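K.L.:
Got a structure here, written out as structure tokens. Questions coming.
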Amino acid sequence: MEKERYDIWIDISNTPQVFFFSSLVKVLQDRYSFFITSRERGETKDLLEILDVENLNFGKDFRNPFLKTGSLGFRSFQLSYKVPDFDYCFSFENPMPVPTTRLRDKDFVLFLDNDFKVISEKSFVQKSETKVQKNAEYLVVPEVSKERFSKIFKESKIFDYPGYKEHVYISDYEPNTCEEVPFEDYMVLRPESLSSMYVLHEESLVPEILRLTDKKKLNVVYLPREDEDKKMASKFDNVFIPDETLNGLDLCYNANAVLTGSGTMSREAAVLGTSAVSFFPSEKLLSVDQDLVDRCKVLHSRDAEEIVDYVVSNWNDRNEPEFERAKRVIAKIRSIIEEDIISE
């Protein structure tokens, strides 16, 4: 019996990667076969089901740093015997596939956009993760991040594209209404990822934002990351927490504003033309976020009053979605994969 073999293995470890890789697979599946594994974190499992992406799901994330570290190590071991034969491994920031690619002497293609991790003061675990990521033969990064990554990943071949990872997955996006949302006008609020290894901050800005939005009578679709996050919204009547996972792109496209404590949803909103705010807990930003701030597409602030005033003043304003740029970005990444990586 012939052994099962795939051209490309993809391991998905976090929510935004679902959209990124599902769009990438669509433009490559006419030439290559894929095997996809995934880990339960955030809305990852639910979104894979919504997008009908066939995958092998196992392992989960933990808020506790000791459990988090242990789960990463154990899942890395599990991958070594759960994944069939492959030629290339694709990963976004996720270092768990590295042991398997090294054991099988395969090429590791790493997509990155979070250069904040490599320049910030990091925990031992974060430093170890970066060290493991340096095993990548190929690095694919946004053009605005290339300089920072080049200083750290000196042994990898680095390719860049003229946009953000969010452009990749709006390249084939078709807007839908959000019938589950009980408001005609609303803002989306996503708390900080305080459990992430690279976020050295322990206090959320969400309670104060919610207090001010309640005062201004603004409707809020609140997307908690953890069960603990739900408690912050328990006393507000203007807040809707979805019972099930909703498509974040639809939420962003239909919202009057999107506020997030990390970068992904603010970038999604910005490229879709929606007013966007990042209250990421740091003065230093990812290069992609700083680029959007410089382009006046995103407001970055840790001042709750400034944030809510900005939302109110831009409540009915929209920019043109960057769909055409998105098509150019995904075409460039496809070219990098087909002409610079796999054809070597």
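K.L.:
Has region 159-172 got at least one residue that is of a type in the set (Phe, Trp, Tyr) and either free of Cβ contacts under 8 Å to residues at least 12 places away in the same chain or under 22 Å from Ser275 (Cβ atoms) (or both)?
P.N.:
yes
K.L.:
Next question. Cβ-Cβ below 7 Å, separation at least six or inter-chain, first residue in region 24-47 and under 25 Å from Gln78 (Cα atoms), second among the acidic types (Asp, Glu) and surrounded by 21 or more Cβ atoms within 10 Å (Cβ to Cβ): which pairs?
P.N.:
Thr37/Asp11
K.L.:
Please give the strands (runs of 3 or more DSSP E) falling wholly within region 56-117 in which 1 or more residues are assigned by TED's automatic domain parsing to the domain that holds Arg39, closer than 26 Å to Thr264 by Cβ and among the basic types (Lys, Arg). Give the steps one after another, and end with the answer.
P.N.:
On the way: elements: 56-60, 85-92, 107-111.
By residue number, 56-60.
K.L.:
Somewhere in region 300-318, is a residue of a type in the set (A, V, I, L, M), touching a residue at least 60 places away in the same chain (Cβ under 8 Å), closer than 30 Å to Lys26 by Cβ and not in a loop (DSSP other than H, G, I, E, B)?
P.N.:
As a first pass, look at region 300-318 and keep what is of a type in the set (A, V, I, L, M): 304, 307-308, 311-312.
Then drop every residue that is not touching a residue at least 60 places away in the same chain (Cβ under 8 Å), which leaves 304, 307-308, 311-312.
Next, only the ones that are closer than 30 Å to Lys26 by Cβ stay: none.
No; the residues of region 300-318 include none that is of a type in the set (A, V, I, L, M), touching a residue at least 60 places away in the same chain (Cβ under 8 Å), closer than 30 Å to Lys26 by Cβ and not in a loop (DSSP other than H, G, I, E, B).
K.L.:
Being touching a residue at least 24 places away in the same chain (Cβ under 8 Å), closer than 30 Å to Arg325 by Cβ and buried (at least 20 other Cβ atoms within 10 Å of the Cβ), is that true of even one residue in region 70-89? Reasoning before the result, please.
P.N.:
Keep residues of region 70-89 that are touching a residue at least 24 places away in the same chain (Cβ under 8 Å), which gives 72, 75-76, 79, 82-89.
Subset that is closer than 30 Å to Arg325 by Cβ: 88-89.
With the extra rule that they be buried (at least 20 other Cβ atoms within 10 Å of the Cβ), the set shrinks to 88-89.
Taking every residue of region 70-89 in turn, at least one turns out to be touching a residue at least 24 places away in the same chain (Cβ under 8 Å), closer than 30 Å to Arg325 by Cβ and buried (at least 20 other Cβ atoms within 10 Å of the Cβ).
K.L.:
For the structure I just gave you, tell me whether Glu283 is outside the structural domain of Gln17 (by TED's automatic domain parsing) and assigned to a helix (DSSP H, G or I). Talk me through it step by step, then tell me what you get.
P.N.:
Working: outside the structural domain of Gln17 (by TED's automatic domain parsing): yes; assigned to a helix (DSSP H, G or I): no.
For Glu283, the condition - outside the structural domain of Gln17 (by TED's automatic domain parsing) and assigned to a helix (DSSP H, G or I) - is not met.
K.L.:
Right, next: Within region 31-51, how many residues are within 19 Å of the chain's Cα centre (by Cα) and in a loop (DSSP other than H, G, I, E, B)?
P.N.:
Applying the first criterion (within 19 Å of the chain's Cα centre (by Cα)) to region 31-51 yields 36-51.
After this cut, where a residue has to be in a loop (DSSP other than H, G, I, E, B) as well, the list is 41-43, 51.
Residues flagged as within 19 Å of the chain's Cα centre (by Cα) and in a loop (DSSP other than H, G, I, E, B) within region 31-51 amount to 4.
K.L.:
If we scan region 128-145, do we find a residue that is touching a Leu at 6+ places or on another chain (Cβ under 7 Å), hydrophobic (A, V, I, L, M, F, W, C) and farther than 23 Å from Asp7 by Cα?
P.N.:
No, there is no match, as no residue in region 128-145 is touching a Leu at 6+ places or on another chain (Cβ under 7 Å), hydrophobic (A, V, I, L, M, F, W, C) and farther than 23 Å from Asp7 by Cα.
K.L.:
For region 217-242, name all the residues that are of a type in the set (D, E, K, R), surrounded by fewer than 21 Cβ atoms within 10 Å (Cβ to Cβ), modelled with pLDDT under 90 and in a loop (DSSP other than H, G, I, E, B).
P.N.:
Our first condition is that a residue be of a type in the set (D, E, K, R); within region 217-242, this holds for 217, 225-231, 235, 237.
Restricting the remaining residues to those that are surrounded by fewer than 21 Cβ atoms within 10 Å (Cβ to Cβ) gives 217, 226-231, 235, 237.
Retained after the next criterion (residues that are modelled with pLDDT under 90): 226-231, 235, 237.
Those that are of a type in the set (D, E, K, R), surrounded by fewer than 21 Cβ atoms within 10 Å (Cβ to Cβ), modelled with pLDDT under 90 and in a loop (DSSP other than H, G, I, E, B): Glu226, Lys235, Asp237.
The values are calculated or read from the model by the stated rules, or taken from the named source; none is laboratory data. The structure presented is a predicted model; accordingly, all values stated were derived computationally and were not measured. Neighbour counts are summed over all protein chains in view; Cβ atoms, including those assigned to glycine, are modelled from backbone coordinates with ideal geometry.
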